[in-house]
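This report refers to the structure that appears directly beneath it.
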Amino acid sequence: MNTLRARVLLLVAGSGLATALMLGVLMVGAVRNLYNDLIYQQADQFAARVIEMHPDMVEEHERDRLGFAQRLQSYVLFAPHTGLYLVSPQGEILATSGEGRILWASYRVNLKAIRAAQAYDPMMPVFAEDPDVPGETRIVALRPLRDKDGDAGWLMVVSRSADLLTRPSEVVKSYALRTGAKAALLTLAIAVALTAAMMAVLTRPLSLLTRRVERIQRSGFSRPISEEDFPYGDRNDEIGRLSDSFRDAFERLRQETDQVATIDSRRRDMVASVSHDLRTPLTALIGQLETVRMKRNTMPRAEQDRFIDGAFNNAQHLKRLTDALAELGRLDDPAFRIETEPIALHELCDDVAHRFQTHAERLGVRLAVNYPDGLPLANVDAALIERALSNLLDNAIRVTPAGGAIDVDVDRAMLHDQPAIKVAVCDSGPGVSPQDEARVFERFFQSSEHRGRRGSSGLGLAIVSRVVELHHGQAGVNNRPGKGAVFHLLLPVAPTDAALPAGG
């Protein structure tokens, strides 16, 4: 009983059997009632015919009691299971078609109970005690007798035909059993047909869906989920909705599986990149310090300073890398929440650019911030946006040659049909190769021609992308052949579009 089909079969078969038994009992009861009704009608009609033939029955009894008793006996010659009784208004038995009883002098028929049963429903059989067999209940028909003075008594017919349940005749019993058996068999046949229909309508689609689900599980989500994998999707019922739900759930599960596989692949690449990026400066740092330690007594002071400066630079690079890893881990934490507030984004760009101004001038690079008047406020986390802008400016300064220029342009824009602020950092460096444009924001990604020149870990732009993602914004890059690259951020506008004048 481990399958739904077997359980449905057992349920329907059990219900059908119980229904068949109840229907059989009802049929036997119906046959018994029909049999009793027929017996009562026969007894009542028999009493009516006797009274019709002898309307002055009471006077005949008074004139010739013995002859009257013989006449009653002649009436039941062809109905041996019938008893005729002439009953007085008080219930005393005056004459009978059978043998008289000595004790009848004190016996009284319960006329009150018989008349009450007749008054309740004249068409229903009346059951009363058989005078010839005290304690036995029979079907009784009672007809009133009249004379010139009024009520003269009653003619009572007692049918001694066998009761269907206690002493049924063979014919009636056979009929009742055949009828009950036919009803039971018909009910079972209907139950079997209902079971087959339920299996076709319910369990067959469920079994097919189960097989399809198991097949997809065995495939390990190696292929996209198609409409053919989950039939009955066009049905507008529970089976159709279940099929659609299975398909959507498995498609999402397949996408999640692909995403997990992609994340796992990136994780392995990240571990490899982190190991390489940490090992290179760390090896150089150890080598430089080991050289100074071994040769500090024979190495000239200037050469020692050169090795120490190199070791310091490598240590600084290691610190930047570990700081970037820690910050990226913090931003990736599901529990991390940004704290947004309306700020003037062009003022924040001015502040960040001012901190890089001296370094840019020392390298011969012009740095400027440009924006129109009346810009709306941006709804951002100021500390995170400041870090993202710092990463962009640091990258731009490192790739821009002496005599070049970096422009930070702030202006209005649209993001998903909603107002936004666009911050674009434009450098005049070598730009980004077309094949690298789609990957520049990936973690640890560095183009081969710029890896050494940038001297970065490949995490700066990944942090920028993550910061913008947390703001539900958008980060991108546009390459300008021969003129450098433009990195831009699209950030949402604050709900209250309060504008500030140029310069604050």
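The values are calculated or read from the model by the stated rules, or taken from the named source; none is laboratory data. Fair warning: this is a prediction, and the values are worked out from it, not measured in the lab. With ideal geometry, Cβ positions are generated from the backbone for all residues, glycine too; neighbour counts draw on all protein chains shown. Side chains included, ligands, DNA and RNA excluded: accessible areas come from the protein's heavy atoms. Shrake-Rupley method; radii C 1.70, N 1.55, O 1.52, S 1.80 Å.
Points to keep in mind about this one:
- Residue among P122, P134 that alone is open to solvent by 60 Å² or more (accessible area, probe 1.4 Å) and part of a strand (DSSP E or B): P134
- Total residues in the range 76-93, condition open to solvent by 20 Å² or more (accessible area, probe 1.4 Å) and either modelled with pLDDT of 85 or more or farther than 16 Å from V157 by Cα (or both): 4
- Checking each residue in the range 305-320 for being free of Cβ contacts under 8 Å to residues at least 12 places away in the same chain and of a type in the set (A, V, I, L, M, F, W, C) picks out only F312.
- Residues satisfying the stated conditions in the range 185-202, i.e. at pLDDT below 70 and open to solvent by less than 50 Å² (accessible area, probe 1.4 Å): M199
- Among the residues of the range 328-365, those that are open to solvent by less than 50 Å² (accessible area, probe 1.4 Å) and farther than 21 Å from H488 by Cα comprise G329, F336, G364.
- Flag if D323 is free of Cβ contacts under 8 Å to residues at least 60 places away in the same chain, under 18 Å from G460 (Cβ atoms) and within 52 Å of the chain's Cα centre (by Cα): yes
- Of everything in the range 326-375 that is in contact (Cβ under 8 Å) with a residue 24 or more places away in the chain and among the β-branched types (V, I, T), the residue that is farthest from H471 (Cα to Cα) is V365.
- Count - residues of the range 138-150 that are exposed (fewer than 12 other Cβ atoms within 10 Å of the Cβ) and either of a type in the set (K, R) or within 19 Å of L84 (Cα to Cα) (or both): 1
- Scanning the range 471-495 for residues that are buried (at least 18 other Cβ atoms within 10 Å of the Cβ), at pLDDT below 90 and more than 19 Å from P434 (Cα to Cα) turns up just one, A494.
- Criterion applied to R301, R366 was being farther than 28 Å from S275 by Cα, charged (D, E, K, R) and in contact with a strand residue (DSSP E or B) (Cβ under 6 Å, 6 or more places away or on another chain), and the one residue passing it is R366.
- Residue count for the range 31-67 under the criterion of being more than 18 Å from A79 (Cβ to Cβ), free of Cβ contacts under 8 Å to residues at least 40 places away in the same chain and surrounded by 15 or more Cβ atoms within 10 Å (Cβ to Cβ): the result is 2.
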